[in-house]
Amino acid sequence: MRVVTPAMKLDVRIDDAAANQGLLKLTGVAGILPCEVTLTPAELRRLLLRVLRPGTLALLFRRNPS
């Protein structure tokens, strides 16, 4: 995953996802630094609603040209 901000571009890798104390905890690496993201249930629902749109789901089934 690539995150682009006005200040920098980062390659982000998510290594683990786990439920912890009512939050979704994602751990991984951003650039060269370890990072952790926590999402509340409301934030996770909002993310899933955005990801589960038909146009976004189509990316899952798109074949990469060989």
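The values are calculated or read from the model by the stated rules, or taken from the named source; none is laboratory data. What you see is a predicted model, and the numbers here were worked out from it, not measured in a lab. Ideal geometry is used to build each Cβ from the backbone, glycine not excepted, and the neighbour counts take in all protein chains shown. For the accessible areas, the whole protein counts, side chains as well, though only heavy atoms, and no ligand, DNA or RNA atoms are used. Shrake-Rupley method; radii C 1.70, N 1.55, O 1.52, S 1.80 Å.
Could you say which residue among 16, 11 is surrounded by 11 or more Cβ atoms within 10 Å (Cβ to Cβ), part of a strand (DSSP E or B) and either modelled with pLDDT of 90 or more or of a type outside the set (A, V, I, L, M, F, W, C) (or both)? Step through it out loud before you land on a result.
Working: 16 fails: surrounded by 11 or more Cβ atoms within 10 Å (Cβ to Cβ).
Going through 16, 11 in turn, just one is surrounded by 11 or more Cβ atoms within 10 Å (Cβ to Cβ), part of a strand (DSSP E or B) and either modelled with pLDDT of 90 or more or of a type outside the set (A, V, I, L, M, F, W, C) (or both): 11.
In region 1-24, which residues are of a type in the set (Lys, Arg) and without any contact (Cβ under 8 Å) to a residue 12 or more places away in the chain? Show your work before the answer.
Filtering region 1-24 for residues of a type in the set (Lys, Arg) gives 2, 9, 13.
Answer for region 1-24, where residues must be of a type in the set (Lys, Arg) and without any contact (Cβ under 8 Å) to a residue 12 or more places away in the chain: 2, 9.
For region 25-42, give me the residue count where each residue is open to solvent by 50 Å² or more (accessible area, probe 1.4 Å) and closer than 21 Å to residue 4 by Cβ.
So the count comes out to 5.
Kindly evaluate residue 2 against the criterion of being at pLDDT 90 or above, open to solvent by 90 Å² or more (accessible area, probe 1.4 Å) and of a type outside the set (A, V, I, L, M, F, W, C). Show your work before the answer.
Values: at pLDDT 90 or above: no; open to solvent by 90 Å² or more (accessible area, probe 1.4 Å): yes; of a type outside the set (A, V, I, L, M, F, W, C): yes.
So residue 2 fails the test.
Suppose the filter is of a type in the set (D, E, K, R) and under 10 Å from the mean Cα position of the chain (by Cα); does residue 13 pass it?
In short, yes.
Would you check which residues across region 19-39 are in a strand (DSSP E or B) and either on the phi > 0 side of the Ramachandran plot or within 13 Å of the chain's Cα centre (by Cα) (or both) and list them?
Pass one, region 19-39, residues in a strand (DSSP E or B): 19-20, 23-30, 33-39.
Once the filter is applied, which keeps residues that are in a strand (DSSP E or B) and either on the phi > 0 side of the Ramachandran plot or within 13 Å of the chain's Cα centre (by Cα) (or both), region 19-39 yields 24, 25, 26, 27, 28, 29, 30, 35, 36, 37, 38, 39.
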